[in-house]
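> Before I ask anything, here is the structure I am working with.
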Amino acid sequence: QVQLVESGGGMVQAGGSLRLSCAASGRTSSSYAMGWFRQAPGKELEFVASISWSGQTTYYADSVKGRFTISRDNAKNTVYLQMNSLRPEDTAVYYCAADTTTRFARNPFRADLWGQGTQVIVSS
């Protein structure tokens, strides 16, 4: 009974920072590769970042590379997305996701478990 719950979304001005959290509940431990997707208004779902269970392997979309950082704290069953230098085009609903079949990050990321999303709005 694993559930992913995102938090940390909100409104921020362009150039600001925000940190999203994704907590896996219902379990005392996990060994999943995890990642983030987003969907901006009027656009398709977009891959943002992924991370292996160990945290040693990460992947980023070109649109966020150098600005966003994905990390995880397995002791807390939590994955983070640190978003810096935010732009209005980063406005989207951000979804936490997991590949429950492996602890290794894959590109493309193959999510089979999803959170319900958290809204991020970046104003200019």
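> Here are some conditions: (1) in contact (Cβ under 8 Å) with a residue 24 or more places away in the chain; (2) part of a strand (DSSP E or B). Ser71 meets all but one. Which one does it not meet?
Evaluating Ser71 over (1) in contact (Cβ under 8 Å) with a residue 24 or more places away in the chain; (2) part of a strand (DSSP E or B) leaves (1) as the failure.
> Only one of (1) closer than 16 Å to Leu4 by Cα; (2) open to solvent by less than 30 Å² (accessible area, probe 1.4 Å) fails for Val120. Which number is that?
(1)
> Is at least one residue of the range 9-19 within 14 Å of Gly115 (Cβ to Cβ) and among the hydroxyl-bearing types (Ser, Thr, Tyr)?
Scanning the range 9-19, I find no residue that is within 14 Å of Gly115 (Cβ to Cβ) and among the hydroxyl-bearing types (Ser, Thr, Tyr), so the answer is no.
> Let me confirm something: among Val48, Val64, which residue is open to solvent by less than 40 Å² (accessible area, probe 1.4 Å), part of a loop (DSSP other than H, G, I, E, B) and touching a residue at least 24 places away in the same chain (Cβ under 8 Å)?
Residue meeting the stated conditions: Val64.
> It is to be established whether one or more residues within the range 25-32 are part of a strand (DSSP E or B) and either closer than 18 Å to Arg103 by Cα or open to solvent by 70 Å² or more (accessible area, probe 1.4 Å) (or both).
Yes, the conditions are met somewhere in the range 25-32.
The values are calculated or read from the model by the stated rules, or taken from the named source; none is laboratory data. Bear in mind the structure is a predicted one, so any value in this text is a computation, not a measurement. Here Cβ is always computed from backbone atoms with ideal geometry, including for glycine, and neighbour counts include all displayed protein chains. For accessibility, only protein heavy atoms count, side chains too; no ligands or nucleic acids. Shrake-Rupley method; radii C 1.70, N 1.55, O 1.52, S 1.80 Å.
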